[in-house]
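Read through the structure below, which is laid out as structure tokens, and then see the notes.
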Amino acid sequence: MTRLSGWLFAPMPLARVAVLRLLVFAFVVIDVLGLHTSGWYHGWADPVWYEPLVMGEVLHLPAATVLLVQTLKWGCVLAALAAMTGRAPRLLGWTVAVGWVWYQYVAFSYGKVDHDRADFVVALALLPTVGIAHLSDRRRSEAAGFALRAIQLAAVATYFLSAWAKIRFGGWEWVNSATMVRAVVRRGTPMAQWLLEVPWTLHAFQWVLFAAELTAPVIFLLSERWRRRVVAGWFVFHAMTYAAITIAFWPHLVMMLAFLPLERYAAWLRERFPRLPGGSPPSSGSPPGEPVEAVAPDPAGRRPGATVGTAG
């Protein structure tokens with residue numbers, strides 16, 4: 001249990017949380033206004049079509065109304081924009097979480113539930129618990145470590161449980177039948193249509209996808225360099241999927257960024273573009289892949305020289 005606790009609460013850079021929160025809140029704005037907008041028109045739907053999900057039954061949430069969906073929609077956007085400033089991280093962060101989850105609930109109470117948003121809920125709930133965190137913050141904290149680790153676990157569980165669900169509900173026929181052929185026929189782009197002429201490639205891809213999802217937890221056993229490569233591989237896979245059948249798991253892709261040293265990339269950008277918030281004049285600093293040392297000031301006021309951690 002001590003080793004497990006040490007792994008779950010391993011101190012991680014606060015700057016990494018600050019960057020991820022900025023990306024999460026930016027995605028909320030993009031999602032509500034552009035990607036997943038079905039919630040807004042349910043306000044005009046007849047309440048007879050409202051089928052409360054478990055959350056709605058437990059919390060006794062009412063059917064959507066025009067006033068409710070407009071409040072949730074624009075409340076999410078305004079709260080997310082305010083949260084991107086870094087001020088009042090807990091109050092604004094949890095306000096965004098409640099508004100966005102409720103807005104998604106409205107969308108899903110009148111149709112299918114998208115499974116690519118579960119790990120995003122984890123991020124919205126836990127990132128505010130870290131408290132104040134700045135883009136140039138060189139400190140580490142266990143709160144940051146737990147929030148990032150929980151997001152990583154949720155993101156990997158999305159893959160692993162997806163593989164489990166394929167066999168549990170579809171059986172081995174999911175990987176041995178024409179699952180991908182059907183997907184290409186239904187919504188394939190010109191880029192994927194030619195694959196119908198060589199269907200064995202789609203059959204093989206089903207096995208590759210299943211194996212990749214089933215072995216997704218292996219990422220926790222890899223070095224940081226190989227973790228970055230695995231994340232890049234998953235991004236390439238999702239890009240290919242979108243190019244072939246126009247399906248993308250946008251919030252999940254944001255969560256996969258929790259595996260990356262985001263604070264290093266942010267520091268590198270600030271050095272190259274000093275006019276960015278928190279930017280500094282260009283220097284011969286470390287590239288994004290190199291650790292950055294945090295130096296503690298000497299109590300007596302002398303030149304700092306004690307290394308207290310790295311941003312790795």
Quick count over the stretch 212-254, residues being closer than 15 Å to Tyr159 by Cα, out of contact with any Gly (no Cβ under 9 Å at 6 or more places or on another chain), touching a residue at least 12 places away in the same chain (Cβ under 8 Å) and small (Gly, Ala, Ser), is 1
Checked the stretch 1-17 for anything basic (Lys, Arg) and within 19 Å of Met256 (Cα to Cα); matches are Arg16
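Conditions (1) under 21 Å from Ser38 (Cα atoms); (2) not aliphatic (A, V, I, L, M), marked per residue:
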site: Leu59; (1), (2): no, no
site: Thr65; (1), (2): yes, yes
site: Thr71; (1), (2): yes, yes
site: Trp74; (1), (2): yes, yes
site: Ala80; (1), (2): yes, no
site: Ala83; (1), (2): no, no
site: Gly86; (1), (2): no, yes
site: Ser109; (1), (2): yes, yes
site: Ile132; (1), (2): no, no
Just one listed residue, out of Gly233, Gly171, is farther than 22 Å from Asp119 by Cα and either surrounded by 14 or more Cβ atoms within 10 Å (Cβ to Cβ) or not basic (Lys, Arg) (or both), and it is Gly171
Among helices (runs of 4 or more DSSP H) entirely within the stretch 210-294, at least 1 residues that are closer than 16 Å to Val19 by Cα, of a type in the set (A, V, I, L, M, F, W, C) and modelled with pLDDT of 90 or more occur in 250-256, 262-272
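The values are calculated or read from the model by the stated rules, or taken from the named source; none is laboratory data. Everything numeric here is computed off the predicted structure, so don't read it as measured data. As a convention, Cβ positions derive from the backbone with ideal geometry for all residues, glycine included, and neighbour counts pool all protein chains shown.
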